[in-house]
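Here you go, one structure.
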């Protein structure tokens, strides 16, 4: 446990000034801010719609989920996996990293766990800022009906499900970024995978859940349907299985890399 904590601290210090780190904070701020500004600018039109409070919250939060769930989240996860490992590739420090008097599994787990934590922070901020910006809009314009419904449970379940659905992509891209040190291969494979995953999910292919890149889209579409209250659906179980299998495979890959 001590080795894991030390390794996690090391990952933070190495990446605290990188784009991957700040993107986990800036993406929610920018997207939620733009959506809130759009609602505020069109307040008269939206108020005239006379949306019930729950529908208004779903419309407001759905604006961020639609953009983030299908495109931004998968690409952010791909970039995150690349960035965490690129620090070692760029400085050619894999061998020196594993030469430290720390458990190898702890070092590898810390790198993976650090990426997981940043994704969690990003999605947590999306949920939190959605909730806060809705109430801010209510305070700025009393014509909105946000105060008539609490979206905490729905937002928590939805974003937690999105988080779980992203772990399969993270683990797969983690392996790819371990094998190839350049930017184009991991990002190129990820880009093709996301496009293929979105097509498979939106076209209703029955086995789309087997594609890691389709799982966030499937999780989002299932959340909007009859399975709204069910977190552990087929694509979530598959994502968690992929995450475990690819995590184990990645450890063996990075262990061999360290002794070259």
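Quick one: in the range 117-144, which of the residues that are more than 27 Å from residue 83 (Cβ to Cβ) and buried (at least 18 other Cβ atoms within 10 Å of the Cβ) is modelled with the lowest pLDDT? So that I can check it myself, show each step before the final result.
Filtering the range 117-144 for residues more than 27 Å from residue 83 (Cβ to Cβ) gives 131-144.
Subset that is buried (at least 18 other Cβ atoms within 10 Å of the Cβ): 131, 133-134, 137, 144.
Details: 131: 94, 133: 94, 134: 93, 137: 92, 144: 89.
Once the filter is applied, the top-ranked residue is 144.
Which members of the range 214-260 meet the condition of being farther than 18 Å from residue 203 by Cα, part of a helix (DSSP H, G or I) and at pLDDT below 80? So that I can check it myself, show each step before the final result.
Within the range 214-260, the subset farther than 18 Å from residue 203 by Cα is 226-233, 236-260.
Narrowing further to those that are part of a helix (DSSP H, G or I): 236-258.
Hits for the range 214-260 are 254, 255, 256, 257, 258.
With the requirement that a residue be touching a helix residue (DSSP H, G or I) at 6+ places or on another chain (Cβ under 6 Å) and part of a helix (DSSP H, G or I), what does the range 171-188 give you?
Result: 171, 172, 173, 174, 175, 176, 177, 178, 186.
If you take just the helices (runs of 4 or more DSSP H) that sit entirely in the range 1-82, which of them hold at least 2 residues that are under 19 Å from the mean Cα position of the chain (by Cα) and over 30 Å from residue 99 (Cβ atoms)?
19-41, 53-67
Then there is this: From the set of residues in the range 188-203 that are surrounded by fewer than 19 Cβ atoms within 10 Å (Cβ to Cβ) and at pLDDT below 90, which is nearest to residue 83 (Cα to Cα)?
Filtering first and then ranking leaves 202.
Hey, does the range 91-108 have a residue that's at pLDDT 90 or above, assigned to a helix (DSSP H, G or I), surrounded by 21 or more Cβ atoms within 10 Å (Cβ to Cβ) and more than 13 Å from the chain's Cα centre (by Cα)?
So far as the range 91-108 goes, no, none of its residues is at pLDDT 90 or above, assigned to a helix (DSSP H, G or I), surrounded by 21 or more Cβ atoms within 10 Å (Cβ to Cβ) and more than 13 Å from the chain's Cα centre (by Cα).
Continuing with the same structure: What residue, among those in the range 31-55 that are closer than 21 Å to residue 162 by Cβ and touching a residue at least 40 places away in the same chain (Cβ under 8 Å), is surrounded by the fewest Cβ atoms within 10 Å (Cβ to Cβ)?
Looking at the filtered set, the residue picked out is 33.
Of everything in the range 67-79, what is buried (at least 21 other Cβ atoms within 10 Å of the Cβ) and either touching a strand residue (DSSP E or B) at 6+ places or on another chain (Cβ under 6 Å) or under 18 Å from residue 31 (Cα atoms) (or both)? Give them in sequence order. Spell out the reasoning first.
To start, the set of residues in the range 67-79 that are buried (at least 21 other Cβ atoms within 10 Å of the Cβ) comprises 68-69, 73-74, 76-78.
Correct list: 68, 69, 73, 74, 76, 77.
Restricting attention to the range 70-85, does a residue exist that is free of Cβ contacts under 8 Å to residues at least 60 places away in the same chain and under 28 Å from residue 160 (Cβ atoms)? Walk me through how you get there before you give the answer.
Residues of the range 70-85 free of Cβ contacts under 8 Å to residues at least 60 places away in the same chain: 72, 76.
If we keep only those that are under 28 Å from residue 160 (Cβ atoms) as well, we get 72, 76.
Among the residues of the range 70-85, at least one is free of Cβ contacts under 8 Å to residues at least 60 places away in the same chain and under 28 Å from residue 160 (Cβ atoms), which makes the answer yes.
The values are calculated or read from the model by the stated rules, or taken from the named source; none is laboratory data. Predicted model, so just to flag it, every value in this text is computed and none were measured. Every residue, glycine as well, gets a Cβ built from its backbone with ideal geometry; the counts of neighbours run over all protein chains shown.
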